[in-house]
Amino acid sequence: MTHAPIRIGVLGTHSTGKTLLLKRIESSSNASKPVCATTACSWPAPASSPNGPPDSACPRCSTTVTSTEWIITQGIADELAAIGQGADVVLAGRAPLDALAYLRAAAEYRGEILHRRELERLRQLTTTQIPQYRLLLATVLDPALPVDTRHTYDPRYRALVNSHVHQLLDEEDIDHQRVTSDPDSHARAVEWALQLCVKERAA
């Protein structure tokens, strides 16, 4: 029997363990022999994406409605491409709602008010994709932990993104699992993902 691909989305602010979590799920999934693909569309657009937004070293400054729409639609396209290439498990490093949270956080950081119609359009774009995910994992910021020194994240913006991620999940009443910095929490998230894969294949 042919099963629909399993899509697992991860969202959260900078340096909260999203990449590590994805790698752990991917390596564990590969050990169970599914065909697994990880997508992580990011801003700014890589050089290989000529139609992406212009480069910027300041996400909180450069995040706009246009760049957010690009990230959302490109992320969806990347997931569909992975499915088209035969992946039966797709790990989305930036689920669509994540990009909207970054936009709202950037607007609050800059003291701007987003156009109501544009914001609603992006909200509809993101929420229509949510049912495609069989599991959503939302990382939680632990301000007590040190930030990765390879990056220069603004602590206020980082906290605002964390707040907006979880506000959006609550506002839309979206089923998700919170993943804290606790190693046991990460282990449980990996186990949830693996159990989902096993359950779907046994159905």
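The values are calculated or read from the model by the stated rules, or taken from the named source; none is laboratory data. Fair warning: this is a prediction, and the values are worked out from it, not measured in the lab. Note: ideal-geometry Cβ built from the backbone for every residue, glycine included; neighbour counts use all protein chains shown. Calculation scope for accessible area: heavy atoms of the full protein, side chains included, ligands and nucleic acids excluded. Shrake-Rupley method; radii C 1.70, N 1.55, O 1.52, S 1.80 Å.
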Inter-residue pairs, beta-carbon under 8 Å, first assigned to a helix (DSSP H, G or I) and in region 165-187, second open to solvent by 20 Å² or more (accessible area, probe 1.4 Å) and hydroxyl-bearing (Ser, Thr, Tyr), 6+ apart | none
Evaluate the following for Val90: is it open to solvent by less than 10 Å² (accessible area, probe 1.4 Å), at pLDDT below 95 and among the hydrophobic types (A, V, I, L, M, F, W, C)?
-> yes
Going through region 7-49 one residue at a time, which ones are farther than 26 Å from Asp142 by Cβ and modelled with pLDDT of 90 or more?
-> Arg7
Do we have any residue at all in region 122-130 that's open to solvent by less than 40 Å² (accessible area, probe 1.4 Å), in contact with a Lys or Arg (Cβ under 6 Å, 6 or more places away or on another chain) and at pLDDT 90 or above?
-> no
State whether the residues of region 98-121 include one that is open to solvent by 60 Å² or more (accessible area, probe 1.4 Å), over 17 Å from the mean Cα position of the chain (by Cα), in contact (Cβ under 8 Å) with a residue 40 or more places away in the chain and within 26 Å of Ser29 (Cβ to Cβ).
-> no
